[in-house]
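For reference, the structure discussed in these notes is given below.
No value in this document is a laboratory result; all are computed from the given coordinates. As the structure is a prediction and not an experimental result, all values here were calculated from the model. Cβ placement follows ideal geometry from the backbone for every residue including glycine, while neighbour counts extend to all protein chains displayed.
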Amino acid sequence: MPKPKLVRVQAAAKVNLSLQVGALQPDGYHPVETLYQAVDLYDTLEAVPAVGISITVQGEGAEAAGNGPSNLAWRAAALLAESAEVEPNVHLRLTKRIPVAGGMAGGSADAAAALVACDALWQLNTSRAKLLELAGLLGSDIPFSVVGGTELGRGRGDQLTTVLAKSEFHWVFALSEQGLSTPSVYAEYDRLAPEAPAPRVSAELLQAVAAGDIRQTAKLLDNNLQAAALSLRPDLKRVLAAGADAGALAGIVSGSGPTCAFLARTREQALELAVRLQASGRVTRTVVASGPVRGTSLLAVEY
Ligand code: C5P
């Protein structure tokens, strides 16, 4: 079989319709129950043969993502090579559209993309279960970034169960110039609410999503990390208020923030909402995206 000269993949951003967080555990993580949805905002990654690992990054927040071994895509390639006992020989070309440190799984998408791309480039045929296990070692949200769709995440967020989602969901994301670090938001969460109960995504929300009831879904969006994100970034209150004023069905901080996500009834209304948010002067940049979509997909393999 000829060896691929190039593999191209894309990986989707995510939003948490619900993020329920329990108390800090001795391992430094929090048990969560979360309802993830992948949306059609993608980072793309090309993998080509090389000697050793190298990466070039362009696009949204390229400098912050970094082009060294700390980049999650690099770490994913190294982990896959180690696990499969092959030489880590790949050059990665990453094009970012998902904000870095934005609460939309931008870094996780890149790691998922690298796992899938290197698996194809090195012709490993890694099983789905093994790929998800490696993804979970790299980060809590990375298994979801591989799978996508609408999934319930348990454990650290890495244990996935597929959930029925009948409708398409149309979102407007208000992006922030400055990122928020996930560990610092969790630390603020501990400071604000150390007596967190066992995390549960509400059955009502799961029913609303299964039925494609957008209005009811909007009422039930819930993020336990929101208060912590707002405590670290009080300016986000103005962003959420701008969404309410502009007619969003609901607004929520996405994951650990600082991106804010607003739900609209239709794609047209999402586009109108984005225009109104920009006009409000309280939001500098918006992205309209819809879900659910696949997490990471192979776009091309060239021989
Ligand atoms: O798993 P990941 O590397 O993405 O997690 C980054 C940080 O977020 C962890 O070091 C931890 O501080 C926090 N975290 C957590 N509980 C989770 C997921 C992440 O406390 N379930």
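Below, the figures for the structure above:
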| item | result |
| --- | --- |
| Value of [θ]222 nm, deg cm²/dmol, for the chain, DSSP H segments ≥ 4, -39500 (n - 2.57) each, nearest 500 | -10500 deg cm²/dmol |
| Tensor-based shape of the range 193-265 (alpha-carbon gyration tensor, a/c under 1.5 rounded, otherwise prolate or oblate) | oblate |
| Proximal charge balance of residue 38 [Cβ under 15 Å; K/R count +1, D/E count -1] | -3 |
| Prolate/oblate/rounded call for the range 146-303, Cα gyration tensor, a/c under 1.5 rounded | rounded |
| Helix axis angle, 236-245 relative to the chain longest principal axis, alpha carbon, degrees | 60 |
| Spacing of the two label points (7 Å from each Cα toward its C-beta) at residue 184 and residue 299, in nm | 3.2 |
| Modelled label reach - residue 166, point 7 Å along Cα→Cβ, the range 205-237 residues with backbone N closer than 20 Å | 205-221 |
| Spatial separation of Cα centroids for the range 260-275 and the range 1-22, in angstrom | 24 |
| Neighbour net charge for residue 293 - beta-carbon separation under 11 angstrom, K R +1, D E -1 | 0 |
| For the range 16-31, Karplus couplings with θ = phi - 60° (6.51, -1.76, 1.60), whole Hz, Gly/Pro x | 9, 5, 9, 9, 9, 10, x, 7, 3, 9, x, 7, x, 10, 10, x |
| Cut-off 15 Å between beta-carbons: net charge of the residues surrounding residue 121, Lys and Arg +1, Asp and Glu -1 | 0 |
| Fluctuation leader among 75, 238, 265 - the chain, Gaussian network, Cα springs under 10 angstrom | 238 |
